[in-house]
1. What number of residues in the range 356-372 are under 14 Å from the mean Cα position of the chain (by Cα), buried (at least 24 other Cβ atoms within 10 Å of the Cβ) and either assigned to a loop (DSSP other than H, G, I, E, B) or not hydrophobic (A, V, I, L, M, F, W, C) (or both)?
2. Are there any pairs, at least 6 apart or on different chains, whose C-beta atoms fall under 6 Å, with the first in the range 78-104 and more than 21 Å from H380 (Cα to Cα) and the second part of a loop (DSSP other than H, G, I, E, B) and hydrophobic (A, V, I, L, M, F, W, C), and if so, which?
3. If I filter the range 37-53 for residues that are closer than 27 Å to K372 by Cα, free of Cβ contacts under 8 Å to residues at least 40 places away in the same chain and exposed (fewer than 14 other Cβ atoms within 10 Å of the Cβ), do I get at least one hit?
4. Only residues that are basic (K, R) and either in a loop (DSSP other than H, G, I, E, B) or under 30 Å from K37 (Cα atoms) (or both): list them for the range 293-326, please.
5. Part of a strand (DSSP E or B) and within 21 Å of G175 (Cα to Cα): does that describe I375?
6. Considering only the range 60-111, state which residues are of a type in the set (K, R) and more than 24 Å from I348 (Cβ to Cβ).
7. Check Y310, Y320 and return the single one that is at pLDDT 95 or above, of a type in the set (S, T, Y), out of contact with any Lys or Arg (no Cβ under 9 Å at 6 or more places or on another chain) and under 27 Å from M206 (Cα atoms).
8. Report, ordered by the first and then the second residue, all pairs with beta carbons closer than 9 Å, sequence separation of six or more or different chains, a first member in the range 215-238 that is within 18 Å of Y141 (Cβ to Cβ), and a second member that is part of a strand (DSSP E or B) and of a type in the set (F, W, Y).
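The values are calculated or read from the model by the stated rules, or taken from the named source; none is laboratory data. Everything numeric in this text was worked out from a predicted model, so none of it was measured. Every residue, glycine as well, gets a Cβ built from its backbone with ideal geometry; the counts of neighbours run over all protein chains shown.
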Amino acid sequence: MKKTVFKLSVVAAVVSSALAFAATPDEIIDSSFYPYKKGFPSHPFVKPGVVINKANVDSAKDVLDPAMYQVIKNGDYEITVGATTSFDLHKSYVDATRAGIGKVKLGEKNGQIIGYVAGRAFPEDPDAKDPRAGEKLAWNYKYGINWGDAASIEPFYWKYRKSETGKIETTNKFGFHFLNYKHRVVLAPLPEITPNPSNLFRSIYMKVFEPLDIKDTQLLIQRYDDDLKQDDANLYLGFQRRVRRLATGQITDSFLGSDLMIEDFEGYNGRVTDMHWSYKGTTMILMAYYNHNEQKQLSTEFKEKDGYQYVEFGGKGGCYPLVTWQLRKVHVLESTPTDPNHPISKRIQYMDTQAATLSRTLIYDRKGELWKNFIIGKSHPDHHLPINKGSGISIDDAFSMVDLQSKHCTTGQFRGMVSQEQNPPSLFTVQNMRGAN
């Protein structure tokens, strides 16, 4: 990736150099959580309102990741630039991070962490000379605030499409739920849910509502606080009426015929232990961050009682979200599987420095060729559903997983809500899966 030279990158370089020698807690917090405090990024061509298309994409090449540049160059998608805005995280999460500065260390093995309580585990700017800098960023993601202490997406529409023709093969309607058991900082109970005899960190529960042939299929993923302990994943198939535990390898299979595997959820849904992590630098690129309620092309396909409208899709095959993109500061991560039988060779992931989420991912097959292009659109919580206002969480709002080799895509339209009431611990149990029909 070419080094981008514009105002904020110069400021970032100066600040990073200064912090490397004598960073105060305030400087660490500002750099990690308020990267635009001294000014938003600027670029000679990429300005709010500009539409980047096949004809002018070379003028924006230095602020596009390689896959997105090629998509636009091919004429498959156009990006409308929006103004960069600050996605401030919840004050309680920032305060918890401040309290832990200098107290958190990596263990001897990948997957071991010492002294972590809550907040961002390693808020210090990553050091290119540190061989474990990528691993530290992976911990920031694991213990990040993506969906917060508890949240749900209901409904959640997935469409399977042929990317050459736009033909929709099927539309699935889901409910997804998320719950953090430990390291909670905002929603009661704090700091953890008890009893928790298995020492779980987080759970994901999913149920299929439509179509009829897979209705009542359920998935439960339980992640332990001990990252060296294998996740528990259970699947309930409605037509079999029984719960079965998924083998480790099944989380890297196609999930219900889509272009995603379970490991792809949220950008990466695996353990730190499962990957080797390499930090590849910090730069500025365009990311799908925006204000949901200000998008000009929201969908009218699905009707909600409160008038909520989902993100619309367009571009070639209808595979791409029609949202504005912001120029944002990101850390570039390369993750390679520890399992030699894994179906991919690596992921290149772009972590938003402010939110610490993995909302842009390039996935390479075992031969090292680009296989899939993954976009997660993020809405500011204050410009989304009223329940999300003030949550300090960048709301997952749309996704696009394009299989560039099979010419197929899966798209997702979210109605995400941050709430403890809709996500009781009893929902995240095998017993609930058996009795939820």
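1. So the answer is 4.
2. Listed pairs, sorted by first residue: A96/A118; A96/V185; G100/V117; V104/A121.
3. Checked the range 37-53: at least one residue is closer than 27 Å to K372 by Cα, free of Cβ contacts under 8 Å to residues at least 40 places away in the same chain and exposed (fewer than 14 other Cβ atoms within 10 Å of the Cβ).
4. So the first thing to find is which residues in the range 293-326 are basic (K, R), and the list is 296, 303, 305, 316.
If the condition is that a residue be basic (K, R) and either in a loop (DSSP other than H, G, I, E, B) or under 30 Å from K37 (Cα atoms) (or both), then K296, K303, K305 are the ones that fit.
5. Details: part of a strand (DSSP E or B): yes; within 21 Å of G175 (Cα to Cα): yes.
It is true that I375 is part of a strand (DSSP E or B) and within 21 Å of G175 (Cα to Cα).
6. Restricting attention to the range 60-111, the residues satisfying the condition of being of a type in the set (K, R) are 61, 73, 91, 98, 103, 105, 109.
K91, R98, K103, K105, K109, listed by residue number.
7. Working: Y310 fails: out of contact with any Lys or Arg (no Cβ under 9 Å at 6 or more places or on another chain).
Step by step, each of Y310, Y320 is checked, and only Y320 is at pLDDT 95 or above, of a type in the set (S, T, Y), out of contact with any Lys or Arg (no Cβ under 9 Å at 6 or more places or on another chain) and under 27 Å from M206 (Cα atoms).
8. Between residues of the range 215-238 that are within 18 Å of Y141 (Cβ to Cβ) and residues that are part of a strand (DSSP E or B) and of a type in the set (F, W, Y), the close pairs are I221/Y205; R223/F201; Y224/F201; D225/F201; D226/F201; D227/F201; D231/Y224.
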